[in-house]
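Written out below as structure tokens is the structure these notes cover.
None of the figures in this text is laboratory data; all of them are computed from the coordinates on show. The structure presented is a predicted model; accordingly, all values stated were derived computationally and were not measured. Here the Cβ is made from the backbone with ideal geometry for all residues, glycine too, and neighbour counts use every protein chain on show.
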Ligand SMILES: [Fe+2]
Ligand SMILES: [Fe+2]
């Protein structure tokens, strides 16, 4: 295999300009893979169009859900909530032959392989608390006071779990068990950053509560990550933690990428990768 493993996230194709960008994405070679790390769109119809378009072109497409995929909104004919909505999306992906967190992790056998490319879905649990607060309730009170409250509070339902953090903790436990049995280096793919540090550059630090969980803080070393791919922050960049490369690969909203000199982000090469 001579291809490249690429990654992109936060396609948000509800915006026509972003839909156009996705319509124009093409691999360099017939062996290229593409990771799509969540926030494709809010409706299953849009998600199916985007992942279908990409899976027709790339040798393999690997998807991890973002928070936007899990929104149940008034204008969407699909009214499923929580786990049922997630499972509905997994079904769509399977029909498209797109790998999901519920499927065997595809193994990259190209240069720098073999590496298991593991799409994860571990959500968040409000443990990235704002400075000066020590509980979820204190953190949420503070966020409501500043007016920076993630829309997930109103449209990302955890059913049948009692809360989003309970859903997160269940996902963390089942994912941990699975990764522990792999016995291969990994590329860990999660919509939310697996460590807290990347959230320190957020414009509104209280938004970090909706950005991850402390329970994944050592996964990049524990599960032999060659790289960690994430999005959600809409701050595309490369950083290193404990010698592991973390790639934030967001396209983001048109109002965000229009401000960047380099324009909208292109899929980023993950493997082969520099050793750091
Ligand atoms: Fe996003
Ligand atoms: Fe997101």
| query | What are the semi-axes of the equivalent ellipsoid for the stretch 226-276, taken as the square roots of 5 times the Cα gyration tensor eigenvalues, largest first, in whole Å? | reply | 22, 11, 9
| request: Quick one: among 109, 18, 67, which has the greatest mean-square fluctuation in a GNM of the chain with alpha-carbon springs under 10 angstrom? | output: 109
| remark: Note to self: C-alpha centroids of the stretch 26-59 and the stretch 219-276 sit apart, in Å, by 17 Å
| Under a GNM of the chain (C-alpha, springs under 10 Å), which listed residue has the highest mean-square fluctuation: 72, 238, 100? | 238
| Proxy reagent accessibility, fewest Cβ within 10 Å first, across 232, 161, 144 | 144, 161, 232
| For the stretch 28-88, what Kirkwood radius comes out of the mean inverse Cα-Cα distance, in Å? | 12.3 Å
| query | Quick one: what do you get for the stretch 5-271 if you divide its Cα Rg by 2.2 N^0.38 Å? | reply | 0.94
| Sorted by Cβ density within 10 Å, fewest first, the residues 70, 182, 259 | 259, 182, 70
| field | Cα centroid separation, the stretch 119-192 to the stretch 71-96 (Å) | value | 19 Å
| request: Could you work out how far apart the two model spin labels at residue 197 and residue 146 are, taking each label as a point 7 Å from the Cα in the direction of the beta carbon, and quote it in nm? | output: 2.2 nm
| Rounded, prolate or oblate: which one fits the stretch 155-276, using the alpha carbon gyration tensor with axes a ≥ b ≥ c (rounded when a/c is under 1.5, else prolate when a/b beats b/c, else oblate)? | oblate
| task | Quick one: among 91, 14, 263, which has the greatest mean-square fluctuation in a GNM of the chain with alpha-carbon springs under 10 angstrom? | result | 263
| message | Restricting to Cα pairs below 8 Å that are 6+ residues apart, what does the relative contact order work out to for the chain? Please round to a whole percent. | response | 22 percent
| Share, in percent, of DSSP beta bridges within the stretch 157-276 that are antiparallel, nearest 5 | 40 percent
